[in-house]
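This report refers to the structure that appears directly beneath it.
The values are calculated or read from the model by the stated rules, or taken from the named source; none is laboratory data. Please read all numbers here as calculations on a predicted model, not as lab measurements. With ideal geometry, Cβ positions are generated from the backbone for all residues, glycine too; neighbour counts draw on all protein chains shown. Only protein heavy atoms, including side chains, enter the accessible area calculation; ligands, DNA and RNA are left aside. Shrake-Rupley method; radii C 1.70, N 1.55, O 1.52, S 1.80 Å.
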Amino acid sequence: VTIAKSQLGNEGGEKFWSWWGFTERQEWCACFVSWCADQAGLIQKEAVPKFSVCTDGVAWFQAKGKWQSGGSVPTPGTIIFFDWNHDGASDHVGIVESCDGTTVHTIEGNSGDAVKQNSYGVHFQSILGYGVVFY
């Protein structure tokens, strides 16, 4: 969360998609989450996957038994997956900054092409679920 916060205001995401290995702009929400996890040593510890496609992140957490469905109360550092078009597949991802039991506060890359803080109700229909990170 501290690493994600340090990137607030970054626009365009080149730092994140180029770190991932892309040579041109990509949708970079997952690259941002992966970059933050790498900086925290979590990819190396196999606590978070390096992923650039949201559905790959969901599949990894589900396969590891580290998945919480939407509507649950996440802890800081949990990876939040969204399904904006309600087709059952994640199309956006961010990092949970905090949750007070009713509102989830996030830090997301590629939110309006920038790193931004956002807030959602715990039962917001577009929250697909959470990848639980064991530190």
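Does Ala30 fit the bill of being of a type in the set (Gly, Ala, Ser), modelled with pLDDT of 95 or more and within 16 Å of Ser90 (Cβ to Cβ)? For Ala30, the condition - of a type in the set (Gly, Ala, Ser), modelled with pLDDT of 95 or more and within 16 Å of Ser90 (Cβ to Cβ) - is met. Among the criteria (1) touching a residue at least 60 places away in the same chain (Cβ under 8 Å); (2) in a loop (DSSP other than H, G, I, E, B), the one Phe32 does not fulfil is (2). Here Ala89 does not fit the description of being closer than 21 Å to Lys5 by Cα, small (Gly, Ala, Ser) and assigned to a loop (DSSP other than H, G, I, E, B). Could you give me the residue pairs with C-beta distances under 8 Å whose first residue belongs to the stretch 90-106 and is within 23 Å of Cys31 (Cβ to Cβ), whose second residue is among the basic types (Lys, Arg) and open to solvent by 40 Å² or more (accessible area, probe 1.4 Å) wherever it lies, and which are 6+ apart or on separate chains? Close Cβ pairs (under 8 Å, with a partner that is among the basic types (Lys, Arg) and open to solvent by 40 Å² or more (accessible area, probe 1.4 Å)) amount to Glu97/Lys5.
Answer with yes or no whether Val73 is within 22 Å of Trp20 (Cβ to Cβ) and of a type in the set (A, V, I, L, M, F, W, C). In short, no.
As for the stretch 2-22, it holds no residue that is in contact with a Cys (Cβ under 6 Å, 6 or more places away or on another chain), closer than 21 Å to Tyr130 by Cβ, surrounded by 15 or more Cβ atoms within 10 Å (Cβ to Cβ) and among the polar types (S, T, N, Q).
On the stretch given as the stretch 95-135, residues that are among the β-branched types (Val, Ile, Thr) and in a strand (DSSP E or B) total 7.
Selection over the stretch 40-74 of residues that are farther than 14 Å from Gly129 by Cβ, open to solvent by 10 Å² or more (accessible area, probe 1.4 Å) and part of a loop (DSSP other than H, G, I, E, B) gives a count of 11. The residues of the stretch 75-113 that are open to solvent by less than 30 Å² (accessible area, probe 1.4 Å) and of a type in the set (D, E, K, R), listed by number, are Asp83, Glu108.
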